[in-house]
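**Student:** Below is the structure I would like to discuss, written out as structure tokens.
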Amino acid sequence: MSPVCDIARNYDQYFASQLYDQRYPRPNPSSLSIVVREIQEGRKRVLDFGCGNGRYAAPLLEQTDAMIVACDISRGAIGELSARCAKHVETGRLQPVCGDSSVLINAMSRSEGFDLAILMFGVLGHIFSQPLRQKTLATIRSLLRPGGRIIVTVPNAARRFFKQQAMAQHLVRKGHLEPGDILYERKTDHITVKMYYHLYNLEEFIQEIKQQGFRLIQVRAESVLPESGIVKSAPLRWFDRMLMTIMPLRYAYGFLAVAEVAPEVGQNQIPSPGLPG
Ligand SMILES: C[S@@+](CC[C@H](N)C(=O)[O-])C[C@H]1O[C@@H](n2cnc3c(N)ncnc32)[C@H](O)[C@@H]1O
């Protein structure tokens, strides 16, 4: 299956237009606090995979003593991150890497190993296609130390892009897209950025993580209300926190999983998928 769009180029445009910063000017505070807690528990060598222009990496460098390798396929995003966090690049606390997981693995020495990898706000869903998402997760697992953890968030198909899901059906039938894939656009007055996204259901998300040798610790809502609202409005954040306590997980806007490298999982010992517990 050939790629449906040039994700690196599209994200270059998305960041350069400043539309991304306008929509998502800061991290989701509840997701950020989960990452901070993992670092404060001692997981100090962190991989921020699909870091964008540093929405999570920048506050993590300020709020913790983590060392961060920040990797993104978008050259523009890595450029913005490097400028924004120049002092940390200089001291070596931040190492930016431009490329996908195959570039990352060549840039890293295995002995360095990470304690924690984060893929925040749908990074996995922007990787086309399922085999490449699996390969990416497997590569990240291979870079984690024993007991290392991963925090991943993905969009919930039951809450997102209904029109685009219907429009994608004929491309799925023709074999150009996989079930759950959509194409969508982000527009300003000046540009239209064409995007690809894979939307998840909960069981598929859990299965994809477990299949790559991770033991699930926690699956919860990333948010219930749209991310672009809660990152801009304190009352919406308050309301979202309240909704998270009463809404079933299947109504989440996005899912967030914390998982750990399962002990003694080799290529021939893939655990069977299922719900956490
Ligand atoms: C929705 S943005 C999230 C950015 C950041 N994590 C945040 O929360 O603001 C998705 C990011 O994933 C990056 N990305 C997509 N496919 C990638 C791949 N195969 N390897 C590395 N980064 C990728 C994009 O360039 C983009 O910066």
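The values are calculated or read from the model by the stated rules, or taken from the named source; none is laboratory data. Computed from a predicted model, the values in this text were never measured in an experiment. Counting neighbours? That spans all protein chains shown, and the Cβs are built from the backbone with ideal geometry, glycine included.
**Student:** Could you list, in sequence order, all residues of the range 32-54 that are free of Cβ contacts under 8 Å to residues at least 60 places away in the same chain and either farther than 19 Å from V231 by Cα or of a type in the set (V, I, T) (or both)?
**Tutor:** V36, R37, Q40, E41
**Student:** Looking at I7, I34, can you tell me which residue is of a type in the set (V, I, T), at pLDDT 95 or above and surrounded by fewer than 22 Cβ atoms within 10 Å (Cβ to Cβ)?
**Tutor:** I34
**Student:** Q40 passes all but one of (1) modelled with pLDDT of 95 or more; (2) more than 26 Å from R220 (Cα to Cα); (3) more than 10 Å from the ligand (Cβ to nearest atom); (4) polar (S, T, N, Q); which number fails?
**Tutor:** The single condition Q40 does not satisfy is (2).
The rows are residues; the columns are (1) out of contact with any Cys (no Cβ under 8 Å at 6 or more places or on another chain); (2) closer than 17 Å to E260 by Cα.
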{"position": "P27", "(1), (2)": "yes, no"}
{"position": "S30", "(1), (2)": "yes, no"}
{"position": "Q40", "(1), (2)": "yes, yes"}
{"position": "R43", "(1), (2)": "yes, yes"}
{"position": "D48", "(1), (2)": "no, yes"}
{"position": "A58", "(1), (2)": "no, no"}
{"position": "R75", "(1), (2)": "no, no"}
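**Student:** Is it true that V193 is free of Cβ contacts under 8 Å to residues at least 12 places away in the same chain and out of contact with any Leu (no Cβ under 6 Å at 6 or more places or on another chain)?
**Tutor:** Judged against the criteria, V193 is not a match.
**Student:** Check the range 61-84 and report whether any residue there is in contact with a Lys or Arg (Cβ under 9 Å, 6 or more places away or on another chain), more than 12 Å from the ligand (Cβ to nearest atom) and under 30 Å from F239 (Cα atoms).
**Tutor:** Yes - at least one qualifying residue is present in the range 61-84.
**Student:** Further question on the same structure: So, in the range 136-184, how many residues would count as being buried (at least 17 other Cβ atoms within 10 Å of the Cβ) and part of a strand (DSSP E or B)?
**Tutor:** Number satisfying all stated conditions: 13.
**Student:** Name the one entry in L143, L137, L119 that is among the aliphatic types (A, V, I, L, M), near the ligand (Cβ under 9 Å from one of its atoms) and closer than 19 Å to C51 by Cα.
**Tutor:** L119
**Student:** Can you spot a residue in the range 160-174 that is within 15 Å of R45 (Cβ to Cβ) and either over 20 Å from the mean Cα position of the chain (by Cα) or in contact (Cβ under 8 Å) with a residue 12 or more places away in the chain (or both)?
**Tutor:** For the range 160-174, residues within 15 Å of R45 (Cβ to Cβ) and either over 20 Å from the mean Cα position of the chain (by Cα) or in contact (Cβ under 8 Å) with a residue 12 or more places away in the chain (or both): absent.
**Student:** So, in the range 90-116, how many residues would count as being more than 10 Å from the ligand (Cβ to nearest atom), modelled with pLDDT of 95 or more and buried (at least 19 other Cβ atoms within 10 Å of the Cβ)?
**Tutor:** 5
**Student:** Note down all Cβ pairs under 8 Å where the first residue falls in the range 15-31 and is surrounded by fewer than 21 Cβ atoms within 10 Å (Cβ to Cβ), the second is of a type in the set (G, A, S) and in a helix (DSSP H, G or I), and they're at least six residues apart or on different chains.
**Tutor:** A16/G76; R23/S228; Y24/S228
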